[in-house]
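The values are calculated or read from the model by the stated rules, or taken from the named source; none is laboratory data. No experiment lies behind these values; they were computed from the predicted model shown. All Cβ positions, even for glycine, are placed from backbone atoms using ideal geometry, and neighbour counts span all protein chains on display.
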Amino acid sequence: MTLAAAHAAPLPGAPFVSYRDGRLMVEDVALSELARAHGTPLFVYSRAAILHALAAYQRGLAGREALICYSIKANSSLAILKLLADAGCGFDIVSGGELERALAVGAAPSKIIFSGIGKTRPEMLRALQAGVGCFNVESMAELDALNEVAQSCGQTAPVSIRVNPDVDAKTHPYISTGLKGNKFGIAHQDALAAYRRAASLPGLRVTGIDCHIGSQLTTPAPYLEAMERVLDLVAAIEAAGIPIGHIDFGGGLGIDYDGDAPPAADALWARLLARLDARGYGDRALMIEPGRSLLGNAGVCVTQVLYFKPGEQKNFCIVDAAMNDLPRPALYQAFHRIEPVQAAAPDTPATVYDVVGPVCESGDWLGRERALAVAAGDYLAVLSAGAYCMAMASNYNSRPRAAEVLVCGRDAQLIRRRETVQDLWRDERLPG
C-alpha cells in the first residue's frame, strides 16, 4: 500500500480540515504547531465549521417562527456555548449543571429548554427561578413533581410533554430514543391522558409538544414518520380543548463519520416544513435541538504515536489518546477517520494497524485496521471528534483531561487548559 503526499480538498466530513503542503490544517492553523504548543491529546475546534453547520439550519428555517436550541450534552465547553449564544441559539439542557453553563455565557433563560427524564426537585426549582422557557416532561410522575415544586415557589411552570412515537430511527441501540423499549418520553397512546393531566394541574401551563427519536439519523424517513404521528397527536390534544403553542422536533441529524450521507439540514427542513404546511400546522412556533450535527465534524483530536507493537494477528499503533478522551469507539463501536498530521511522502509503504490507547482495557481502541505510514513521535488526527468526546471524557486510570483550542482563521485560542495530576485529587481528603 502507498499513501499520497497531500490532499487538495477538505477531508470528507470535515469541511474546514485539509492538507496544505503535506500539513494537516484546521482552517489556517497547522495541527502540528498546536500539538507542539499545547501537548497531546488535544481537541481542536473550527469556529467556521460550527457556524457553517448552524447556517444550514438557519437557512432551512428562514421565515419561520423557530428557535434552534443547541443540545449542550454534545459539547459543553463554555467558549463554544458563547459562540452559539452570540449566533442566536437557545439551549437544550438535561441537568442543573448544563443550566448553569448556559447562564454563565449569558444565554437568555427564556431560550433554554429543560429536557431529561430525571430532573431533581432542586434542579426544577433552580430552573423555575431562572425563568427557563420550557420543561420537556417525560413521565406522569415528573408532571406531579414539577407541579408541586412550581406551587411551592408561587410559579407556573411552562411544559411540553415528550412523546415517544415508537418510530425506529435505525441507529445504534444506545442512541435510539423513540421506541417503546426506550426509557424516554411518554408512550404515544398515553399522551392525550398526560396532556389532560398536565392541563388540570394548577402549577403547570401547557405550551407545546416534544419529540426526539434518536441520534445519528442519516435519512429523512424517520423524521417524517415521527412528524406525522406528532401532528396526529396535536390534532387530538387540541380537539380536547388543550392548545399547543409550539412543536419541538428534537435533534438527531447525523454527520459523516465513515461515508455516511445524511441530508443537509436545510434540505431536511425543506421536506419537513412542506409536510407541516400540508397538514395545516405551518404557522406553529417550532423548536429544534441539534447537537452532534453542529459540533461533530468541527472537532479534531490530535494524538501522538508512542510505540508500535507487531503481533501474529494484529499490529498495534499505541497512541497517547485513549478511551477516556474519545469514548465513542468503546461505547458504540463508533468509527472515526484517523489521518496523519504530516502526510507521508509519495510511495511510502503503509502498515495496517489497530490504533489503541494506553488505558488498561481491551476496549481502549480508537480505530481498527487503519493503513498508516507513521513513526513513533508522529501526530495523528482523529476526525469528527467535536461531539460526544470531550463532553464524555473521564479521568479513568487517573488520566488528566485534554486541553481544548478554538481556531478562527489564523488565530487559535486555548479555551480549556490541560488538567494536571494535582487537579485530579484536589477535592479529595485523607481520613484524619
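Summary of values
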read-out	value
Qualifying residue in region 75-97 (condition: in contact with a Phe, Trp or Tyr (Cβ under 6 Å, 6 or more places away or on another chain) and of a type outside the set (A, V, I, L, M, F, W, C))	no
Meets criteria (at pLDDT below 95 and surrounded by 16 or more Cβ atoms within 10 Å (Cβ to Cβ)) for A373	no
From the options A345, A373, A350, A412, residue that is aliphatic (A, V, I, L, M) and within 30 Å of L83 (Cβ to Cβ)	A412
Test: I72 is within 18 Å of S215 (Cα to Cα) and within 15 Å of the chain's Cα centre (by Cα)	yes
Hits in region 398-419 (condition: part of a loop (DSSP other than H, G, I, E, B), small (G, A, S) and touching a Leu at 6+ places or on another chain (Cβ under 9 Å))	A402
Qualifying residue in region 90-110 (condition: closer than 14 Å to L294 by Cβ, of a type in the set (S, T, N, Q) and either out of contact with any Lys or Arg (no Cβ under 8 Å at 6 or more places or on another chain) or part of a strand (DSSP E or B) (or both))	no
Residue within region 277-290 that is in contact with a Ser or Thr (Cβ under 7 Å, 6 or more places away or on another chain), within 30 Å of A387 (Cβ to Cβ) and crowded, with 23+ Cβ neighbours inside 10 Å present	yes
Residue among E428, E404 that is of a type in the set (D, E, K, R) and more than 23 Å from A79 (Cα to Cα)	E428
Number of positions in region 72-110 that are among the polar types (S, T, N, Q), in contact with a helix residue (DSSP H, G or I) (Cβ under 8 Å, 6 or more places away or on another chain) and under 18 Å from C134 (Cβ atoms)	1
Within region 241-263, considering residues that are at pLDDT 95 or above and small (G, A, S), the one nearest to I112 (Cα to Cα)	G245
Test: residue in region 24-45 that is in contact with a Lys or Arg (Cβ under 7 Å, 6 or more places away or on another chain) and either surrounded by 24 or more Cβ atoms within 10 Å (Cβ to Cβ) or assigned to a loop (DSSP other than H, G, I, E, B) (or both)	yes
Residue satisfying condition, being farther than 20 Å from A298 by Cβ and either at pLDDT 95 or above or surrounded by 15 or more Cβ atoms within 10 Å (Cβ to Cβ) (or both), within set P400, P346	P400
Count - residues of region 128-156 that are touching a helix residue (DSSP H, G or I) at 6+ places or on another chain (Cβ under 8 Å), closer than 16 Å to G208 by Cβ and buried (at least 17 other Cβ atoms within 10 Å of the Cβ)	6
Residues satisfying the stated conditions in region 369-384, i.e. in contact with a helix residue (DSSP H, G or I) (Cβ under 8 Å, 6 or more places away or on another chain) and small (G, A, S)	A381, S384
Which listed residue, of L372, L383, L430, is farther than 28 Å from L294 by Cβ, of a type in the set (A, V, I, L, M) and in the same structural domain as L34 (by TED's automatic domain parsing)	L372
Residue identified as touching a Leu at 6+ places or on another chain (Cβ under 9 Å) and free of Cβ contacts under 8 Å to residues at least 60 places away in the same chain among G299, G357	G357
Total residues in region 46-69, condition part of a helix (DSSP H, G or I) and among the polar types (S, T, N, Q)	1
Wholly enclosed strands (runs of 3 or more DSSP E) of region 333-373 bearing at least 1 residues under 27 Å from the mean Cα position of the chain (by Cα) and of a type in the set (K, R)	365-372
